[in-house]
1. Which percent, nearest 5, of DSSP beta bridges in the chain are antiparallel?
2. Using the Cα gyration tensor of region 336-408, with a ≥ b ≥ c the square roots of its eigenvalues, what is the shape: rounded (a/c below 1.5), prolate (a/b larger than b/c) or oblate (neither)?
3. Express the accessible area of the chain per residue in Å², computed with a 1.4 Å probe while the remaining protein chains stay in the model.
4. Can you list which of the trypsin sites (Lys or Arg not before Pro) found in region 38-111 are DSSP loop residues with at most 13 other C-beta atoms within 10 Å?
5. With a 1.4 Å probe and all protein chains left in place, how much of the accessible area of the chain comes from carbon and sulfur atoms, in whole percent?
6. Calculate the all-directions average of the projected area of region 88-176's alpha-carbon convex hull, and give it in nm².
7. How big is the antiparallel share of DSSP beta bridges in region 302-396, given as a percent to the nearest 5?
8. In the neighborhood of residue 378, defined by Cβ-to-Cβ distances under 13 Å, what is the net charge if each Lys or Arg adds +1 and each Asp or Glu adds -1?
Amino acid sequence: MISVEQALEKILSNVSVLEPERKPILETMGQVLAEDVRSDINIPPLDNSAMDGYAVQWDSIRGATISQPKALKVIGEVAAGCISDREVTPGTAIRIMTGAPVPAGADTVIQFEDTDEEIRKGKSLDEIGIMRELVKGSNIRRGGEDITRGSLVLTTGVVLRPQEIGVLASLGRADVLVIRRPAVAVLATGDELVDVGQPLPPGKIYNSNAYTIASQVRRYGGIPRILGIAADESQDLLEKIILGMDSDLLITSGGVSVGDYDIVKDVLAELGAISFWTVRMKPGKPLAFGVLTRNGRKVPHLGLPGNPVSSMIVFEQFARPAILKMLGKKNLAKPTISAISESRIENRDGRRVFARAIVRKGDGQYFARLTGPQGSGILTSMSRANALLVVPENVATVEVGDEVSVQMLDWREED
Ligand code: AMP
Ligand code: MG
């Protein structure tokens, strides 16, 4: 038996960060930036108004109060996107909208609320009373205060979120270099499997794993390609695996337990070195991993157990970090928190247990309780769970009230 860490280390040492590609910014959400981005403009480009109001020279309004407003001559108006051709001089003001460039001569903007514009409504506004002095320079956003021309704005390795994509857009960038997404081939194996949408003959079951796995691939940023179902028979298996070898990662489900192990082993042996591991974890102890080679192409292959829950949990522990690494991400660990167990859990055989659990917050701390039957074929228990409660190999019993580590299934998944 090998530990979860040993298995993970072996897998990660056989997958590499993929190469960059240039893409329109809107398609890069969640991907890793593969270039340093500098700005060749100032943002904002010019000094502009933070308020709707009047652009003035502060010297003209010094000492203004509600009872003794300073009257200024209104010589024009400037809207966002326009440049005023008038200059503010002593005793004059230009009406200005939020975002509009501050006219020449002005050094302060007085918002409407601090003028008597409301009282003058209806009359022609060739004059305005300023009712507050403010501080010189008030309500002006300085050109370049967000980003200065030439500065480094985003660095290689940043994960693009909506705000980074917005920053790229604000720089005028239409496309950007990002690490490309891995194409992940998904193959289900088993004579008992029938694809969805087909009638279910006696003795058969629907192929659910391919859909769960493909959805996990997509969730963590890969591009899934479902290859269908391979029979437990060498020729079919070989042909379908070969179909998956133009992908960046091949994931198979089933065929790694003792029952059908031999066929898979023989087939994979034709394509490269493969190891069948017994990982010290529960559920999901059988796991196959290797790098398949054909026509000079190398493809890492992860063979997940067939049981639907085992398949999902093993994916979370091993395929997820492999995909994240290919995407160029640095944080590969599943988000993990501490919680108080509300269930008693026994761990008799010294393996790391990943128990399906529901985590809730109460009283300033998290509580985790099991979702019910933990059989590795009971996929609905996974559906009821939002977390995996982790019982370490060396802990034989978790008592109610014990503090435990919990991997969140639904928590900041984009990271
Ligand atoms: P195996 O690892 O191939 O021995 O499969 C273990 C269990 O998982 C068996 O009960 C299979 O029927 C079931 N199983 C295998 N593959 C799938 C699949 N693609 N979808 C649903 N159940 C599966
Ligand atoms: Mg099978």
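The values are calculated or read from the model by the stated rules, or taken from the named source; none is laboratory data. As the structure is a prediction and not an experimental result, all values here were calculated from the model. Positions of Cβ are generated from backbone atoms using ideal geometry, with glycine treated the same way; all protein chains shown enter the neighbour counts. The protein model used for the area step is the full one, side chains on, heavy atoms only, and it has no ligands, DNA or RNA in it. Shrake-Rupley method; radii C 1.70, N 1.55, O 1.52, S 1.80 Å.
1. Here the share of antiparallel DSSP bridges comes out near 70 percent.
2. oblate
3. Per residue, the chain has an accessible area of 47 Å².
4. 62
5. Ligands and nucleic acids excluded, carbon and sulfur reach 51 percent.
6. Hull-based average projected area comes out at 9.0 nm².
7. The answer is about 85 percent antiparallel.
8. +2
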